[in-house]
Amino acid sequence: MLKKWGFIITVIALVSASCSKYQKLLKSSDMDLKYTEAIKYYDDEKYEKAMALFEELIPLFRGTDRAEKVYYCYTYCNYQLNLLYASAYHFKKFAVTYPLSEHAEQCLFMYAYSNYLLSPIPTLDATETNNGINALQLFINTYPEHELVDSSNVLMDKLRNKLEEKSYLNSKQYYKIFKFKAAIISINNTLLDFPETQYREELTFLILKSHFLLAENSVKKKKLERINNTIDAYYTFVDAYKESKYLKEAQTIFTKVSEMRNDFKIKNS
């Protein structure tokens, strides 16, 4: 038991001494010492301690031969501490400030990658996802021969898939809440924006259903037009998906809408 308490007291003493040493370092006016210790903390992956020192050194070393190293390490401290908004900002600033640096290409990629990591799930706002795509495209355009271009394209595809899923979910939501005109417009926009979407068959069928439900519940003035739109949507669907799992339901809709058209013509002849 005494040995255990002795060990705990020793650990506490070492931690206190370490903290005291670091606090003295922060208050020190010896910038060379601060630089040396900041690099040590950085190399030892003690990024929080290193970052505080680098943050102080950045303005003091501006214009010196140490400025680039200090800012580079500071930028990576932000990234390692998961401060992604800050890391994105500083990675890009580094690439712009030091375009001839051996780290410029890497930092521009990390700017893009930080933005990629900020992209949320598809159901949330797409601003960060679009920012990620733009940042990755900037890297590709700036360094088209870089070895990370292929990786950038893979990341960009993942972000585009998020946008595709978001568009798909938004379109379906209009249908689910019975806003069929909005659903048709939204689905068509999704198909235009993502012509190779994996959801194309389902969305094309939902256009047919939306047209049908509009026609079924339509006022007389618009009924015939909406019936004809449904028939056109049916032919578009069956021409594209002859073996679709939705085919039976589509044919049922076609039978009903054909009867609706015949009844409309009889009543208005």
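Bear in mind these aren't lab numbers, they're just calculated from the coordinates by the rules spelled out. Please read all numbers here as calculations on a predicted model, not as lab measurements. All Cβ positions, glycine included, derive from the backbone under ideal geometry; neighbour counts span all protein chains shown.
Each Lys and Arg adds +1 at its Cβ and each Asp and Glu adds -1 at its Cβ; summed about the Cα centre, the chain shows a dipole of about 1600 debye. Converting phi to 3J(HN,Hα) with the Karplus coefficients 6.51, -1.76 and 1.60 and the offset θ = phi - 60°, region 67-79 yields 4, 4, 4, 4, 5, 4, 5, 4, 4, 6, 4, 4, 5 Hz in sequence order, with x at every glycine or proline.
Which order do the peptides 27-37, 194-204 come out in when sorted by mean C-beta neighbours inside 10 angstrom, highest first? Let's see the in-between values first.
Values: 27-37: 12.6, 194-204: 15.6.
Put in order of decreasing packing, that is 194-204, 27-37.
Panel note: the C-alpha atoms of region 84-163, placed on their principal axes, show extents of 40, 26, 13 Å (largest first).
Treating only the Cβ of Lys, Arg, Asp and Glu as charged (+1, +1, -1, -1), what charge dipole size does region 84-163 show about its Cα centre? Round to the nearest 20 debye. Display every interim value, and only then the final one.
Details: 5 positive and 8 negative charges, 57 e Å.
My answer is approximately 280 debye.
Scaled against the 2.2 N^0.38 Å expected of a compact globular protein of N residues, the Cα radius of gyration of region 178-269 reads 1.10. How big is the charge dipole of region 178-269 about its Cα centre, in debye rounded to the nearest 20, if each Lys and Arg gets +1 on its Cβ and each Asp and Glu gets -1 on its Cβ? With only Lys, Arg, Asp and Glu charged at Cβ, the dipole is about 620 debye.
Scalar couplings 3J(HN,Hα) for region 237-249, obtained by applying the Karplus form with A = 6.51, B = -1.76, C = 1.60 to θ = phi - 60°, are 5, 5, 5, 8, 9, 6, 10, 5, 5, 8, 4, 4, 5 Hz; x denotes Gly and Pro.
Output the direction-averaged projected area (hull surface divided by four) of the convex hull of the alpha-carbon atoms of region 34-146, in nm². One quarter of the hull surface, i.e. the mean projection, equals 7.6 nm². Calculated on C-alpha atoms, the gyration radius of region 28-81 divided by its Kirkwood radius gives an Rg/Rh of 0.93.
Across region 163-169, computed HN-Hα scalar couplings (Karplus, 6.51 cos²θ - 1.76 cosθ + 1.60, θ = phi - 60°) run 5, 4, 5, 4, 4, 4, 5 Hz from first to last residue, x flagging Gly and Pro. Structural descriptor for the chain: relative contact order 8 percent, calculated from alpha carbon pairs under 8 angstrom and at least 6 residues apart. The Cα-based radius of gyration and maximum Cα-Cα distance (Dmax) for the chain are 30.7, 105 Å.
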